[in-house]
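This report refers to the structure that appears directly beneath it.
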Amino acid sequence: MRIVVEASQDHGIEIPRTLRLNVDRIEVVEVLDQWYGPDYRYCKVKGGDGALYILRFDESRSEWHLTMFASARAQALQRNHADSRAKPVSSLQLGGCKWQ
């Protein structure tokens with residue numbers, strides 16, 4: 001999905017500062033990671049809305065694209081799921097029935 005990104009220059013590299021998705025304007029509060037390809041760069045950023053975004057910058061076209069989005073709620077569910085898998089379970093209760 002093509003998006004509008006307002007970026008600033010840091011040592012000659014464009015760093016995303018805000019994203020525009022439809023009418024929503026999201027501040028970038030942190031750049032978590034970056035990795036490069038032959039003519040593109042990916043940035044993993046955290047938005048002011050608590051969501052994670054992976055942005056792809058096509059250097060040959062100077063265009064930004066949204067390649068991944070995870071809302072704050074989805075991240076919390078994923079963390080809770082990972083935590084529950086880590087705990088030993090001796091029995092499972094479903095709909096009033098106890099399975100062991």
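Read-outs: derived from the displayed coordinates by stated rules, not from any lab. The shown structure was predicted, so the numbers you read here are calculated from the model rather than taken from an experiment. Here the Cβ positions follow ideal geometry from the backbone for every residue, glycine too, while neighbour counts run over all protein chains shown.
For this structure, a couple of remarks:
- Short-range pairs are left out: with C-alpha atoms under 8 Å and at least six residues apart, the relative contact order of the range 2-74 is 22 percent.
- ASP24-MET1 pseudo-label distance in nm [points 7 Å out on the Cα-to-Cβ vector]: 0.8
- Cα-based shape type of the range 12-67, given that a ≥ b ≥ c are square roots of the gyration tensor eigenvalues and the cut on a/c is 1.5: prolate
- For GLU59, the residues whose modelled amide H falls within less than 5 Å of its own, excluding neighbours fewer than 5 places apart on the same chain, are TYR40, ARG41.
- The protection proxy used here, the mean number of other Cβ atoms lying within 10 Å of each residue, ranks peptides 46-57, 20-31 as follows, highest first: 46-57, 20-31.
- In this Cβ point-charge picture (+1 for Lys and Arg, -1 for Asp and Glu), the range 2-74 has a dipole of about 240 debye about its Cα centre.
- Note on HIS65 and GLN9: the extension gain reaches 18.3 nm, defined as 0.36 nm multiplied by sequence separation minus the Cα-Cα distance.
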